[in-house]
Amino acid sequence: KAGLSRRYINQLLRDGGLFGERITIGLMFIFFTTTTTIIFQFIQFRTGTVLKYPEATFGAILGGLFLFWLLKIAIINFLGHIFKTEIFSTEYNLIGLIFLEINGLILLPIALASVFRDPIFFSTTGLIVISLGIILSLFRGFMVGLSNTKFSFLYLFLYLCALEILPLAVVVKIFILH
């Protein structure tokens, strides 16, 4: 419910958020492993690449996703501290975490199907679901930014481009080149 309604997000913020809950660790594990599985299956079967060290590739994708997420959270918290918008940066991170967990639960059956059934179809479907989750998360984050009247619309747009869209574009470019 929190992914769709601001009221539930405010309730989670008041209660201390999801960052301290034990279930968050499990749901994050589900997200990172399912996303890694889908990306791995896509690289291996859709592109037809024969991987010399598949375990190392899987580990590199998993580690890269986790480090990217940690770096993003750290930068958002740092910028929230610099600009004295800790409440909004916490809310933004919480929305990102909620969509990450929801996306992980949606991706779980898709990742299993990509391993045991048709890897090309289900990995492509999984990447579409991941993309939709990112777009929804960006939209909800944009709405959080609009609720903050300290910054103009232009600064919010530049922030989202610099911190959200640009790193994803770089990662996609790296995958395309290799």
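Cα-based Rg (one decimal) and Dmax (whole number) for segment 64-120, in Å?
15.7, 50
For Tyr92, Tyr53, what's the largest-to-smallest order of accessible area, 1.4 Å probe?
Tyr53, Tyr92
Using only protein heavy atoms and a 1.4 Å probe, report how much of Thr125 is accessible, in Å² to the nearest 10.
40 Å²
What ³J(HN,Hα) values, in whole Hz, does the Karplus curve 6.51 cos²θ - 1.76 cosθ + 1.60 give for segment 114-124 when θ = phi - 60°, with x put for Gly and Pro?
Running phi through 6.51 cos²θ - 1.76 cosθ + 1.60 with θ = phi - 60° gives 6, 7, 9, 10, 9, x, 5, 5, 6, 6, 5 Hz.
Just the number please: accessible area per residue for segment 42-108, 1.4 Å probe, all protein chains included, in Å².
Numbers: 3860 Å² over 67 residues.
Using a 1.4 Å probe on heavy atoms only, each residue of segment 42-108 averages 58 Å².
In segment 46-150, which trypsin sites (Lys or Arg not before Pro) fall in coil by DSSP and have 14 or fewer other Cβ atoms within 10 Å? Before the final figure, lay out the partial values.
Details: sites: Arg46, Lys52, Lys72, Lys84, Arg117, Arg140, Lys150; in loops: Lys52, Lys84, Arg117, Lys150.
Taking segment 46-150 and a limit of 14 other Cβ atoms within 10 Å, the loop trypsin sites (Lys or Arg not before Pro) found are Lys52, Lys84, Arg117, Lys150.
The values are calculated or read from the model by the stated rules, or taken from the named source; none is laboratory data. None of the values given here were measured: they were computed from a predicted structure. Quick reminder, even Gly has a Cβ in these numbers, built from the backbone with ideal geometry, and neighbours come from all protein chains shown. These accessible areas exclude ligands, DNA and RNA; they are computed on the full protein's heavy atoms, side chains included. Shrake-Rupley method; radii C 1.70, N 1.55, O 1.52, S 1.80 Å.
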